[in-house]
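The values are calculated or read from the model by the stated rules, or taken from the named source; none is laboratory data. Everything numeric in this text was worked out from a predicted model, so none of it was measured. Neighbour counts run over all protein chains shown; Cβ positions are idealised from the backbone, glycine included. Surface accessibility is based on the protein's heavy atoms, side chains included, excluding ligands, DNA and RNA. Shrake-Rupley method; radii C 1.70, N 1.55, O 1.52, S 1.80 Å.
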Amino acid sequence: MLTGIHVAFIGGDARQLEVIKRCIQLDASVTLVGFDNLESNFTGATKKPLTCDVLKDVDALILPIVGTDDQGYVESIFCSKQMQLLDEHVASLPSHCVVYTGMAKPYLKKLLASTQLPLVELLDRDDVAIYNSIPTVEGALMMAIQHTDITIHGSQSIVLGLGRTGLSMARALHALGARVRVGARRQEHLARIYEMGLTPFHISEVRKQVTNADFIFNTIPQLLLTAEVIAQMPQSAFILDLASKPGGTDFRYAERRGIKALLAPGLPGIVAPKTAGQILAQTLSRLIADQRKAPGGDAT
């Protein structure tokens, strides 16, 4: 239970609604900032504007998946007004307050460093990332089917990276009957790819591997699909870049060659916001409860 804990939400999308519901169910005191246009009201939650006074007794501050932009603006689909998180807002938070977000840009990290408030980036956690790989893969398969005129079964499919999303992506493609090759750098990843019954290759060989590719799914946030690599692809190839912005693809050159290439970060919140929200709610509620138990009140 979260009885006696004050949780404040600043902005967000449909995923936050599941987290809000969970916090209310667990008896937290909930304040919503940037939810002015939210049609449904949550019993047990209070809507307030972004002021220093609102934040002075907050135990856990929950920001959107991308906490702020490079100027400190916080995105909210439920508010038409811009909200900017400033030094004075952070300074008004109690010293025991923990700030939670999906991933933090340098602006937010610098803002919190000045006050030494703990910051938890949820997408850095293995549990959240692995759970999130499920809706990510489903969304990626949906987009691949929508944007091509061939089946995934029997296709020549390439996955770049065997991280938490890449592993799930490769497994799903294999289960659908694709001929799957996976590019990785680490020897243990190459061994795992082989063990899975897939074809491994070192990422440095990507230029040779794409010559007959139907689908390329990139999960590595580094420019790997350069103009030189894309020049080797058949024009019918479809690139879906799942890495965080700006991705790992030369989209300008892909368009020039007539190759369809799409950047699709944040798929869980697009294709399955309820499930993605439930994943966040499960993890956040546990972290906030643990926060109170931990020595010094810090989240672990």
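For the range 149-178, what are the residues that are of a type in the set (D, E, K, R) and at pLDDT 95 or above?
Correct list: ASP149, ARG171.
Being surrounded by 22 or more Cβ atoms within 10 Å (Cβ to Cβ) and of a type in the set (Val, Ile, Thr) is the requirement here; does ILE239 meet it?
Criteria met by ILE239.
On the given criteria, is SER236 in contact with a Pro (Cβ under 6 Å, 6 or more places away or on another chain) and within 27 Å of LYS208 (Cβ to Cβ)?
no
Going residue by residue through the range 173-181, is there one that turns out to be assigned to a strand (DSSP E or B) and open to solvent by 60 Å² or more (accessible area, probe 1.4 Å)? Full working, then the answer.
We begin by selecting, within the range 173-181, every residue assigned to a strand (DSSP E or B); these are 179-181.
From what is left, the residues that are open to solvent by 60 Å² or more (accessible area, probe 1.4 Å) are 179.
Yes, the conditions are met somewhere in the range 173-181.
Please report, ordered by residue number, the helices (runs of 4 or more DSSP H) entirely within the range 50-168 with at least 3 residues that are open to solvent by less than 10 Å² (accessible area, probe 1.4 Å) and within 30 Å of SER204 (Cβ to Cβ). Before the answer, list the steps.
Numbers: elements: 52-55, 87-91, 106-113, 126-146.
Ranges flagged: 126-146.
Among the candidates LYS245, LYS274, single out the residue that is touching a residue at least 60 places away in the same chain (Cβ under 8 Å), among the basic types (Lys, Arg) and open to solvent by 60 Å² or more (accessible area, probe 1.4 Å).
Details: LYS245 fails: touching a residue at least 60 places away in the same chain (Cβ under 8 Å).
Going through LYS245, LYS274 in turn, the sole match is LYS274.
With the requirement that a residue be in contact with a His (Cβ under 8 Å, 6 or more places away or on another chain) and more than 16 Å from ILE216 (Cβ to Cβ), what does the range 179-205 give you?
ARG185, LEU190, MET196, GLY197
Under 6 Å by Cβ, and 6 or more places apart or on different chains, what pairs join a residue from the range 204-221 that is in contact (Cβ under 8 Å) with a residue 12 or more places away in the chain with one that is assigned to a helix (DSSP H, G or I) and small (Gly, Ala, Ser)?
PHE215/ALA144; THR219/GLY166
Determine if the range 123-144 includes at least one residue that is touching a strand residue (DSSP E or B) at 6+ places or on another chain (Cβ under 9 Å) and modelled with pLDDT under 95.
Yes, there is a match, as at least one residue in the range 123-144 is touching a strand residue (DSSP E or B) at 6+ places or on another chain (Cβ under 9 Å) and modelled with pLDDT under 95.
Please verify whether the range 209-217 includes one or more residues that are in the same structural domain as LEU167 (by the TED database) and surrounded by fewer than 18 Cβ atoms within 10 Å (Cβ to Cβ).
Yes, some residue in the range 209-217 is in the same structural domain as LEU167 (by the TED database) and surrounded by fewer than 18 Cβ atoms within 10 Å (Cβ to Cβ).
To keep it simple, each residue is scored yes or no on (1) of a type in the set (Asp, Glu); (2) at pLDDT 95 or above; (3) closer than 24 Å to ASP36 by Cα.
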residue: ALA60; (1), (2), (3): no, yes, yes
residue: ILE77; (1), (2), (3): no, no, yes
residue: SER95; (1), (2), (3): no, no, no
residue: THR101; (1), (2), (3): no, yes, yes
residue: LEU111; (1), (2), (3): no, no, no
residue: GLN116; (1), (2), (3): no, no, no
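Limited to the range 1-48, what total is found for residues that are free of Cβ contacts under 8 Å to residues at least 40 places away in the same chain, open to solvent by less than 30 Å² (accessible area, probe 1.4 Å) and either in a strand (DSSP E or B) or not assigned by the TED database to the domain that holds LEU93 (or both)?
Adding up the residues that qualify gives 4.
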